[in-house]
Amino acid sequence: MQVCFPSAATMRILIVEDDHIIAENLYEYLEARGHQCDYADSLAAAAALLQNATFDAAVLDRNLPDGDGIALARRWRAAGQTLPVLILTARDTLADKLTGFAAGADDYLVKPFALAEVEARLTALVRRAGIRPVAGICRQGPLSYDPNAQEARLAGEPLHLPPKALRLLAELLPHPNRVFSRRELEIAIWGREQESSDNLRSVLNTLRRALGTESGVKVVNVHGLGYKLVCPP
């Protein structure tokens, strides 16, 4: 059963940035603040994500491997997409800013920047757009996750999970028995694939230890395919 309650604080944000250090800093900060982030390092990857998911706002770099982020903003607007867009770039001339706004950007922030300011500007954009992000408490058997409170519970008792293990649970819980590939889970947790499987294995072990063995809730390996969450009825 999934129940949704309105939230004015939690946002789902699309980060379009090819500098992995900048992207990871944004991702980690916004995730720690309770927001949900997806990451793309090219125009093509961003367009694909937007086709398959709904976002409250986007952070968009200009210098991307396959073109200028401005072109993507322009295409979004031409297609009637009203997604609030914050341009985040090193291009700092007035002409650059005017070009960004003319393409449909809602705000323009020049690098280097403060992470807290990025969040504040995104919150303001979402508020001005009249968007009220909705998040739902997801329950499967004895396990539940509240994205607004960033809290998981097992049989009514809090599960004390670090942020990455909590993000893993949030990805698995709405889809019990669905097999997730390593790549899917790594992108959900870190925003990009990892060079080694050790990182995901460590987060999986943390979640498994927290779930224990008595509740019947477990994350199982599906040989050659990935992982799935199994919950009792």
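Some points to look at:
- Filtered by the rule that a residue be under 16 Å from Thr206 (Cα atoms) and surrounded by fewer than 17 Cβ atoms within 10 Å (Cβ to Cβ), the range 146-170 gives Glu151, Arg153, Pro158, His160, Pro162, Pro163.
- Scanning the range 38-66 for residues that are modelled with pLDDT of 85 or more, closer than 14 Å to Val85 by Cα and not aliphatic (A, V, I, L, M) gives Phe55, Asp56, Asp61, Arg62.
- Pairing residues of the range 179-200 that are under 18 Å from Val220 (Cβ atoms) and part of a loop (DSSP other than H, G, I, E, B) with residues that are modelled with pLDDT of 85 or more and among the basic types (Lys, Arg), at Cβ distances under 9 Å and at least 6 apart in sequence or on separate chains, gives Val179/Lys228; Ser197/Arg182.
Okay, residues lined up against (1) in contact with a helix residue (DSSP H, G or I) (Cβ under 9 Å, 6 or more places away or on another chain); (2) surrounded by fewer than 21 Cβ atoms within 10 Å (Cβ to Cβ):
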residue	(1), (2)
Ala23	no, no
Ala32	yes, yes
Cys37	yes, no
Asp41	yes, yes
Ala47	yes, yes
Asn52	no, yes
Ala57	yes, no
Asp61	yes, no
Leu64	yes, no
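- Of all residues in the range 70-85, those that are crowded, with 21+ Cβ neighbours inside 10 Å and either of a type in the set (D, E, K, R) or within 21 Å of Ala114 (Cα to Cα) (or both) total 2.
- Enumeration of residues in the range 54-72 that are within 23 Å of Thr10 (Cα to Cα) and among the small types (Gly, Ala, Ser): Ala57, Ala58
- Exactly one residue out of Leu207, Leu172 is modelled with pLDDT of 90 or more, of a type in the set (A, V, I, L, M, F, W, C) and over 15 Å from Glu31 (Cβ atoms), and it is Leu207.
- When we screen Gln150, Gln140 for residues that are more than 22 Å from Leu26 (Cα to Cα), outside the structural domain of Asp19 (by TED's automatic domain parsing) and touching a Leu at 6+ places or on another chain (Cβ under 9 Å), the only hit is Gln140.
The values are calculated or read from the model by the stated rules, or taken from the named source; none is laboratory data. These numbers come from a predicted model, not from an experiment. Backbone-built Cβ (ideal geometry, glycine too); neighbour counts: all protein chains shown.
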